[in-house]
Amino acid sequence: MKHSFPQLNRRAMLKLVSVAGAATACRVRLSGQAANQTPAVKAIAAYLETLARPDGGYGWGDSEISHLTPTLGVVGSYRLLGQTPPRQTALAQYLRRSHPREIKKLEQERRIFDYQQVQALAWLGADLTEFSPKIAALTKPLAYLKQYERHGYPVFQSELGVVMSHALLGLPTAGIAESFGGYIEVRRRSNGSFNNTPATDGGDGHVMNTLRALQALPVLGREVDRKEELIAWLRTCQLPGGGFTHAPKPEFGGVDDLAYTRAALRALSVRGAGPTNRPACIAQIHTLANADGGFGDRAGWLSNATATYYALDALAALGAID
């Protein structure tokens with residue numbers, strides 16, 4: 001199963017960190033009657049509840065225990081469906097104690113999990129006061145362990161979770177504007193995209209890193225420039241089948257994936273644009289729906305909470321969730 005994450009290596013981190021989405025992403029508003037009666041909504045909600053665990057959280061389909069990341073995906077999915085998650089009190093309690101450090105000592109601090117806690121609880125409308133001191137103390141990007149990344153480059157999407165957490169908590173950003181702003185800027189490519197490595201290292205951008213940068217820069221009071229170049233770059237990531245890959249015509253891994261599609265669509269939306277072939281994109285997302293009511297990352301893959309959230313958010317970005 002793709003999203004079991006038995007070990008949190010760098011590649012797994014890069015995949016999961018974008019799950020939460022923009023704090024400012026538009027909420028799809030469905031009437032209570034429509035939310036309760038639409039067969040598709042019922043089917044998705046029924047699938048989400050198969051992931052419910054006794055402790056109040058939600059897990060991966062092949063795991064008996066809850067995990068913060070799929071729980072975030074479930075909360076985000078219910079939000080996009082215009083529904084309140086069941087057992088909301090128990091769910092909020094789980095989220096407050098669900099940081100993986102509570103289960104096992106982590107080799108290195110994982111800031112993405114702090115962000116996932118804050119974002120999920122914010123979606124539930126819960127009190128976030130207890131998280132402010134922790135997030136306020138995070139004032140600069142954290143270098144990655146060099147035994148795993150020889151340059152020690154921080155994990156881009158995870159570190160920018162600090163910026164987004166500041167926004168969610170209403171914390172002042174003056175203390176992080178220079179450190180995080182400069183960190184982002186040196187990772188901007190000439191085409192307007194962003195990646196985990198500095199632009200001077202070469203290589204193209206990545207749609208998931210690009211989305212996170214577009215969300216974080218305005219929080220830091222930084223301008224998002226090269227608009228037309230970036231729109232063109234993002235649109236070139238769309239494949240003939242309608243989905244998106246991580247960069248235009250990449251040398252390796254040039255396949256569509258729901259995480260890439262959702263990131264590209266949200267990034268285009270931030271820029272006030274859409275994909276070149278919208279109908280094909282909508283159709284391709286629907287091909288990822290499974291009989292159990294959930295969505296998989298790629299055609300034929302098993303459903304999971306993250307992919308289900310990505311599918312709904314991608315359709316919302318296209319104005320096609322209904």
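Here are a few things to note about the model shown:
- Under-5 Å amide H pairs with F194, H placed in peptide plane, nonlocal only: R189, H206, T210
- Computed accessible area, R235, all protein chains, 1.4 angstrom probe, square angstrom: 90 Å²
- Rounded percent of accessible protein surface that carbon and sulfur make up, region 193-322, 1.4 Å probe: 52 percent
- Mean Cβ count within 10 Å, highest first, over the residues of peptides 201-208, 111-118: 111-118, 201-208
- Sequence-distant residues sharing a close amide H with F244 (under 5 Å, placed H): L239, D257, T261
- Among T84, T50, T200, the largest mean-square fluctuation in a Gaussian network model of the chain (Cα springs under 10 Å) belongs to T200.
- Look at the alpha carbon pairs under 8 Å that are at least 6 residues apart: their mean separation over the length of the chain gives a relative contact order of 17 percent.
- Relative contact order (percent, whole number), region 217-322, Cα cutoff 8 Å, 6+ residue spacing: 22 percent
- Here Rg and Dmax of the Cα atoms in Å was calculated from the structure, and among (i) 18.5, 55; (ii) 24.2, 79; (iii) 21.2, 64 it sits at label (i).
- Comparing Y309, Y47, Y260 in a Gaussian network model of the chain where C-alpha atoms under 10 Å apart are linked, the largest mean-square fluctuation is found at Y47.
- Mean-position separation - Cα centroids, region 119-152 and region 156-205, in angstrom: 14 Å
- Within the listed set L214, L239, L312, the Gaussian network model of the chain (springs between alpha-carbon atoms below 10 Å) gives the highest mean-square fluctuation for L239.
- In sequence order, region 76-90 has phi-based couplings of x, 5, 4, 4, 5, 7, x, 10, 8, x, x, 6, 5, 5, 5 Hz under the Karplus curve 6.51 cos²θ - 1.76 cosθ + 1.60, θ = phi - 60°, and Gly or Pro positions carry x.
- The mean accessible area for residues of region 85-235, using a 1.4 Å probe and ignoring ligands and nucleic acids, is 43 Å² per residue.
The values are calculated or read from the model by the stated rules, or taken from the named source; none is laboratory data. Keep in mind that this is a model prediction, so the values were computed, not measured. When we count neighbours, we look across all protein chains shown, and the Cβ atoms used for this are built from the backbone with ideal geometry, even at glycine. For accessibility, only protein heavy atoms count, side chains too; no ligands or nucleic acids. Shrake-Rupley method; radii C 1.70, N 1.55, O 1.52, S 1.80 Å.
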